[in-house]
Amino acid sequence: MRIAVASTGKTMKDSVDPRFGRAHYILIVDPDARTIEHVIDNQSSANMAHGAGIQVAANVVEAGVGAVLSGFVGPKAFMVLSAAGLKVYSGLDGTVEEAVEKFVNNAISPDSGPSSNGHSFGPRGW
């Protein structure tokens, strides 16, 4: 199963972006091989006034991944992702590589709901 990781850059050494909808990049990763298969440049969505999370979620669903790793995920993006059957893992920081390792080693659990209110940075908007 391929996964999508919100990232500040285009490599496994870059940081997990704390913002899913406004992440600079979404990396499509093969977690078993620990390789990037595709990079979604999210610069245009990151600058949208509204709807960034929904747009990115739709792009991720279209990419055919089974899970999303990010810092925080808002309610609208979470709704799109979970409706498509994707598992969402949030609260992650560090590098993309470290987040993928946590995923592979089952050191993180999927979210049961959004981790942000979608209008500001951090858990429940704090």
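The values are calculated or read from the model by the stated rules, or taken from the named source; none is laboratory data. Please read all numbers here as calculations on a predicted model, not as lab measurements. Note that each Cβ is placed from the backbone with ideal geometry, even for glycine, and that neighbours are counted across all protein chains shown. Only protein heavy atoms, including side chains, enter the accessible area calculation; ligands, DNA and RNA are left aside. Shrake-Rupley method; radii C 1.70, N 1.55, O 1.52, S 1.80 Å.
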Value of [θ]222 nm, deg cm²/dmol, for the chain, DSSP H segments ≥ 4, -39500 (n - 2.57) each, nearest 500: -7000 deg cm²/dmol
Ser44 versus Ala107: modelled label distance in nm, points set 7 Å from Cα along the beta carbon direction: 3.7 nm
Dmax and Rg, reported as Rg then Dmax, of region 1-80 (C-alpha, Å): 11.3, 36
For Arg19, distant residues with modelled amide H under 5 Å away: Gly71, Phe72
Full-extension gain in nm, Ala83 to Thr35, via 0.36 nm per residue minus C-alpha separation: 14.6 nm
Where the chain is the region considered: accessible area per residue in Å², 1.4 Å probe: 49 Å²
Viscosity 1.306 mPa s, 10 °C: Kirkwood-radius Stokes-Einstein D of region 63-114 over Cα pairs, µm²/s: 142 µm²/s
Evaluated over region 1-44, the Cα radius of gyration and Dmax, each in Å: 9.6, 30
Contact order relative to length of the chain, as percent, for alpha carbon pairs under 8 angstrom and 6 or more apart: 26 percent
Spatially proximal lysines relative to Lys13 (Cα-Cα < 24 Å; intrachain offsets below 8 disregarded): Lys87, Lys102
Carbon + sulfur, % of accessible area of the chain - ligands and nucleic acids excluded, 1.4 Å: 52 percent
Length-normalised contact order for region 1-48 - Cα pairs under 8 Å, 6+ apart - percent: 35 percent
